[in-house]
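Structure first, then comments.
We did not get these values from a lab; they are worked out from the coordinates using the rules stated. Quick caveat, the model's predicted, so the values are computed rather than measured. No Cβ is skipped: glycine too gets one built from the backbone with ideal geometry, and neighbour counts run over all protein chains shown.
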Amino acid sequence: MKKQAAYAAFVVLLLAAAAYAAFFIAPTDARQGVVYRIIFLHVPCAETGLLSFFVCFVGNVAYVLKRDAKWDWLGVSAAEVGLAFTTACLVTGPIWAKPVWGIWWTWDARLTSTAVLWLLYVAYLLLRSLIEEPERRALLSALFGIFAFIDVPLVFGSIRWWRTQHPQPVIMGGPGSGLDPTMKAVLFFCWAPMLALMVLLMQSRYRLEAMRGDLDVVRREMETA
Amino acid sequence: MGLGLLSNTLVLLGKELRTELRSRELLTTTVIFILLVMVLFSFTFDPSSSDARRFGAGLLWLAFLFAASLMLQPCFLREQTNDTLSALRLAVSDPFAILLAKLAANTLFLLATELLMLPVFAVLYNVPVFPVFGQLLLVFFLGSLGVSVAGTALSAISAQARMRELLLPLLLLPLLTPVLVASTQVTAGLLDVQPFVQWKGVGFLAVFDLVFLTALWLFGEYLLEE
């Protein structure tokens, strides 16, 4: 417990350092002005969200093959944390888009895919809440999670046909693209606290789910006794 | 194994078709639902013929998708009343045959209702469809196959949950976004004043179908576990 508290304190410190870097170290964008600074929150949130969903997928596949409840706990923890980060990404996106693009929302590939991704994982958690028996819940939600994750590249590919308004990949986006070196460094630095936060949240959520699992076993033993 | 799977699937498909032809419950309700959507849609947009060319493809596919999410409900629910799914599992050597038969039946039912409603759409919205009938058939088939593959898998999942009637559309519709997008794009091209086939979209639908068929083949047996 002490270890986790120390780790949580470390995450808070990292977050504070990232906020400082985002506001005071990164230079102001020549065209977008101050508002661009939201990318230091928006981009790491998007990437961390995707990574969480990938962890969820790994948990799902492992559960189906191994049938160990631990993988199910990892799956649900990762899905919830991923959903939190994706929500943050979907909220910060329009805040940036309104002053820069002049609109809150556009149906372009990355925005739409993220919205569909969000809906898929909301459905995943909804499905879990509607199945009582733990093993059945674990298996069926894992299978749905696998189908959902396979669907993600297809969703993205299909929506790519519409002309896309989202900024093209700036980092490694080919010739002509590129971020100011300081901005780039800050952006990478901002990803670290998000990843640390992801680990912290997933760990706590996993522990909660494990306790729920144990409690359920005890409860069922009492019922049969 | 391959031949056994095929013959098992064909026998089970026969059973699915017989069950439906005796009651005709699924086909009737689905046809009426799609008709209803078409009529109600005209009240919300009051579309002219050129509007219909623009929105028609989207209207058709949304109606098909919603209808499918209703039509797929009884797919596994039906087997629960007398626990016939256990009997089916004992009867076949490869449980994939059960899924394959059900998805083939669902594709056929969906395709049949779509083809029945296509002339009605053409008349109600003044869009000529017969010159491109062959191409439309291809899109309808690939789209319906995609809907049925994903839908059969998810109906096996939702049948085991509470609130299953509400749950299936919530699980299925976001998953079908790629099918909706691709089918609508290709159909819109075909309903254009100068019709054209978007082969990219046709190929995309085929890829979707293949990906989900493979996933179903890999994970299908777990869906049918007791």
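Data overview
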{"quantity": "Across chain A: Cys residues that no other cysteine approaches within a C-beta distance under 4.7 Å", "calculated": "A:56, A:190"}
{"quantity": "Most fluctuating residue given options A:16, A:196, A:138, as computed from a GNM of chain A linking Cα atoms under 10 Å", "calculated": "A:16"}
{"quantity": "Selection from B:127, B:6, B:110 lying farthest towards where the dipole of the range B:2-223 points positive, charges on Cβ", "calculated": "B:6"}
{"quantity": "Order of A:3, B:102, A:98, A:66 under a 10 Å beta carbon neighbour criterion, fewest first", "calculated": "A:3, A:66, A:98, B:102"}
{"quantity": "Lys, Arg +1 and Asp, Glu -1 on Cβ, resulting dipole of the protein assembly as shown about Cα centre, debye, nearest 20", "calculated": "720 debye"}
{"quantity": "Residue with peak Gaussian network fluctuation, chain B [Cα springs, cutoff 10 Å], from B:64, B:45, B:140", "calculated": "B:45"}
{"quantity": "Neighbour-count order for B:184, A:224, B:84, fewest beta carbons within 10 angstrom listed first", "calculated": "A:224, B:84, B:184"}
{"quantity": "Of B:215, B:87, B:68, the one that fluctuates the most in a GNM where chain B has Cα springs shorter than 10 Å", "calculated": "B:87"}
{"quantity": "The range A:19-51 and the range A:67-127: distance between their alpha carbon centers, rounded to Å", "calculated": "19 Å"}
{"quantity": "Charged-residue dipole, Cβ positions (Lys, Arg, Asp, Glu), the range A:90-152 about Cα centre, Debye nearest 20", "calculated": "200 debye"}
{"quantity": "Value of relative contact order over the range B:2-223, rounded to a whole percent, pairs C-alpha under 8 Å and six or more apart", "calculated": "28 percent"}
{"quantity": "Cα gyration tensor, the protein assembly as shown - rounded (a/c under 1.5), prolate or oblate", "calculated": "oblate"}
{"quantity": "Value at 222 nm in deg cm²/dmol, rounded to 500, when DSSP H runs of n ≥ 4 in chain B each add -39,500 (n - 2.57)", "calculated": "-28500 deg cm²/dmol"}
{"quantity": "Segment residue A:3-residue A:216, extension gain: residue separation times 0.36 nm, minus the distance between their alpha carbons", "calculated": "74.0 nm"}
{"quantity": "Lys, Arg +1 and Asp, Glu -1 on Cβ, resulting dipole of the range B:2-223 about Cα centre, debye, nearest 20", "calculated": "140 debye"}
{"quantity": "Residue order, fewest to most beta carbons within 10 Å, for B:149, A:58", "calculated": "A:58, B:149"}
{"quantity": "Euclidean distance between Cα centres, the range B:24-93 to the range A:128-158, Å", "calculated": "22 Å"}
